[in-house]
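Structure record follows, encoded as structure tokens.
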Amino acid sequence: MITELGHFALILAFLVAIVQAVVPLVGAHNRWPGWMAVAEPAATAQFLLTATAFAALVHAFVTSDFSLAVVVSNSHSAKPLLYKITGTWGNHEGSMLLWVLILTLFGAMAAWFGTNLPPTLRSRVLAVQSSIAVAFFAFILFTSNPFARLATPPFDGQDLNPLLQDPGLAFHPPFLYLGYVGLSICFSFAVAALIEGRVDAAWGRWVRPWTLASWAFLTIGIGLGSWWAYYELGWGGFWFWDPVENASFMPWLFAAALLHSAIVVEKREALKAWTILLAILAFGFSLIGTFIVRSGLLTSVHAFANDPERGVFILMILVVFTGGALTLFAARAGAMQAKGVFGVVSRESALVANNILLAVSSFVVFVGTMWPLVAEMFFDRKLSVGPPFFDMAFTPFMLILGLILPVGAMMSWKRGRAGRALKSLVPALVLASALAGLVWAMQTGRSMLGPVGVFLGAWLVAGAVTDLISRTGKSRDLKRLFRLPRAEWGKAVAHAGLGITMLGVAGLTAWQQEDIRVADIGESFEVGGFELTLTDVERLRGPNYISTMGEVVVRRNGEQIATMHPEKRNYPVAGMPTTEAAIDYRFLRDLYVVIGDAQTDGGWVVRTYIKPLANWIWAGCIIMALGGGLSLSDRRFRVATGASRTPAQPVPAE
């Protein structure tokens, strides 16, 4: 009964979405208040109906309702409750329902919190948002119905992919989708502005909170995915330039560019056309990511599905929405004339440079991701584009961005003085240079990666601190720091978080130590100053797996500092093994131990890594997201505040 209720709610939400996509748009065109007023209750109803459908699917997983095909394929009665719940979105059908739930949530939030937007703009935003929902409701109902029944239900299910049975990955997709799908509302604002012929400072204030929230959620989602890959896969890496990883990273780069570009629209009413284009591209690359994950076109360990029919459907959605928006942009871009002018040396110019670097680096990632497919289709060649290409092609853009970011953040609007900004940053430059020099002296003969990374990370962190202190005025009254707007704190915290992540990446990449050996039980060996002893290996039974667990005692200078338990798990139902690394987390390094297969002579393969500054990578991601949250909490950037000001005159459409 509950399953049928969920299916019915999903169909009803589809019908409501069609009404919301059409009626408010017609009403806004003809200035009919009654028709425009349909948008708000329809957006709320659409979200509640979708939430009902999603709750019904969660219920089916929790109660192990094996009459549903999706539950049979992705659950098992012996699975822990947490993974029964998260199994709801650990598959193609359920994850698409979560995708649409978040899409309708953002539409409902725009209706709830956008009451002070101009009625025509609000109606068009909600209509465009609903048109996206119509496309994805159709995709779910016609190609990926999560409520499809089996004629003969089996006694038990086939279990969820064991790699997904992990707390880190349980929360990774929801946060990632909140970022991915959240960019849809920025897209809707952009298309509505193009239809209305209005882009001004108020529009910049309206779109910024949505961009900020999406970027912060996407940051958390990417960070969780990276952390999961680090400790779960047993490879010890944090980023592999996998196509699906790239699919989430490209929208993140565009969202960061959009966030900074919207600032220029708000402050100076400049870069209007560019900001609209970024909003279209940010969501367009989210759709490209959805296509990559679900079409099977590119091989990835993260891919959900490889059904060509589904891939073609998503490709059609991508072409219609991105292509349609770009066509509308081409027709209306001439109407969006910039009002503000600024000098070559100014904060606006620094933000333009920021945008160019982020956008070009995203296109570099896109080319590297798609080139194997292009080579196979048009040149009949099998190519593999891996980390060496991305490291060489992408890293220079991030180096330049890191160098200019503190300087640009301290520039004045309209006309700035580079000398004044650089003079303020002299202490930060000295500190960063000193740390880089110290690292260079200590590492003796290794590559420049470590010193350069330390310099950039320290430069960004110290530059963010300097920027905050400069806001206290010439008196340097530190009490004024607590009276600064939260957006200023948010900017500094986010920039410092980026610096901390760069420090972590540099430390882990430049100074990691690795040891692979066969160790007998009771045997001790030394790695990087640590003495490790494999004291025992035993077989244990978990809720739905069988574990081979080792016990490794770690000593340093004769003193025991940790007892670690690396595992290899085998899931009998899924017939799949997983690696559970044992990690001793410390502030300046991680000690990472993986146990492998038993050898014929009685020993066990043991891999040991020493990973300097590894935790700093994810700490930096958390700090970046925290910076976004601080800025979002600044009441000046709420939608209602931007709308409360006297709006500028609409730019006439041509």
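The values are calculated or read from the model by the stated rules, or taken from the named source; none is laboratory data. Values in this document were obtained by computation on a predicted structure and should not be read as measured data. Don't worry about glycine lacking a Cβ; one is built from the backbone with ideal geometry, like all the others, and counts go over all protein chains shown.
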Study note, to complete from the structure: When restricted to VAL344, VAL312, the only residue modelled with pLDDT under 90, more than 26 Å from ILE280 (Cα to Cα) and either of a type outside the set (Asp, Glu) or not in a helix (DSSP H, G or I) (or both) is VAL344
Study note, to complete from the structure: Exactly one of ALA53, ALA21, ALA13 is buried (at least 16 other Cβ atoms within 10 Å of the Cβ) and within 12 Å of ARG124 (Cα to Cα), and that one is ALA21
Exercise for review: Would you be able to say whether some residue in the range 554-566 is without any contact (Cβ under 8 Å) to a residue 60 or more places away in the chain, in contact with a Lys or Arg (Cβ under 7 Å, 6 or more places away or on another chain) and farther than 30 Å from LEU358 by Cβ?
Suggested key: yes
Practice item. Identify all residues within the range 33-84 that are out of contact with any Asp or Glu (no Cβ under 9 Å at 6 or more places or on another chain) and of a type in the set (D, E, K, R); write none if there are none. Key: GLU40, ASP65, LYS84
**Study point:** Residues of the range 479-536 satisfying the condition of being of a type in the set (Val, Ile, Thr) and without any contact (Cβ under 8 Å) to a residue 40 or more places away in the chain
**Key:** THR533, THR535
Exercise for review: Assess whether GLY457 counts as being outside any helix (DSSP H, G or I), within 27 Å of LEU351 (Cβ to Cβ) and not assigned by TED's automatic domain parsing to the domain that holds SER226.
Suggested key: no
Review point. Has the range 382-393 got any residue that is free of Cβ contacts under 8 Å to residues at least 60 places away in the same chain, part of a helix (DSSP H, G or I), surrounded by fewer than 15 Cβ atoms within 10 Å (Cβ to Cβ) and not charged (D, E, K, R)?
Key: yes
**Study point:** Filter result (closer than 17 Å to GLY596 by Cβ and either assigned by TED's automatic domain parsing to the domain that holds TYR231 or surrounded by 16 or more Cβ atoms within 10 Å (Cβ to Cβ) (or both)) within the range 545-564
**Key:** SER547, THR548, MET549, GLY550, GLU551, VAL552, MET564
Review point. Looking at this structure, is GLY236 of a type in the set (Gly, Ala, Ser), outside the structural domain of ILE595 (by TED's automatic domain parsing) and assigned to a helix (DSSP H, G or I)?
Key: no
Review point. Within the range 243-252, is even one residue outside any helix (DSSP H, G or I), surrounded by 23 or more Cβ atoms within 10 Å (Cβ to Cβ) and of a type outside the set (Val, Ile, Thr)?
Key: no
Review point. Tally time: how many residues in the range 84-98 are aromatic (Phe, Trp, Tyr) and either surrounded by fewer than 22 Cβ atoms within 10 Å (Cβ to Cβ) or free of Cβ contacts under 8 Å to residues at least 12 places away in the same chain (or both)?
Key: 0
**Study point:** Unique match (being in contact with a helix residue (DSSP H, G or I) (Cβ under 8 Å, 6 or more places away or on another chain), crowded, with 20+ Cβ neighbours inside 10 Å and part of a loop (DSSP other than H, G, I, E, B)) among PRO173, PRO146, PRO153, PRO209
**Key:** PRO146
Review point. So which residues in the range 50-64 are free of Cβ contacts under 8 Å to residues at least 40 places away in the same chain and closer than 24 Å to LEU15 by Cα, if there are any at all?
Key: VAL58
Point to revise | Residue among PHE47, PHE54, PHE61, PHE66 that is within 21 Å of SER95 (Cα to Cα), assigned by TED's automatic domain parsing to the domain that holds LEU101, over 31 Å from the mean Cα position of the chain (by Cα) and hydrophobic (A, V, I, L, M, F, W, C) | key: PHE66
Check your understanding: Do we find that LEU278 is buried (at least 22 other Cβ atoms within 10 Å of the Cβ), farther than 26 Å from TRP371 by Cα and touching a residue at least 40 places away in the same chain (Cβ under 8 Å) in this structure?
Key -> no
Check your understanding: Can you spot a residue in the range 547-565 that is under 17 Å from GLY236 (Cβ atoms), assigned to a strand (DSSP E or B) and within 32 Å of the chain's Cα centre (by Cα)?
Key -> yes
Review point. Within the set of pairs 6 or more residues apart or between chains, which connect a residue that is not assigned by TED's automatic domain parsing to the domain that holds ALA255 inside the range 162-181 to a residue that is of a type in the set (Lys, Arg) and in a helix (DSSP H, G or I) with Cβ atoms less than 9 Å apart?
Key: none
Exercise for review: Pick out the one residue from GLY522, GLY490, GLY504, GLY542 that is in the same structural domain as ALA598 (by TED's automatic domain parsing) and either within 37 Å of the chain's Cα centre (by Cα) or crowded, with 16+ Cβ neighbours inside 10 Å (or both).
Suggested key: GLY542
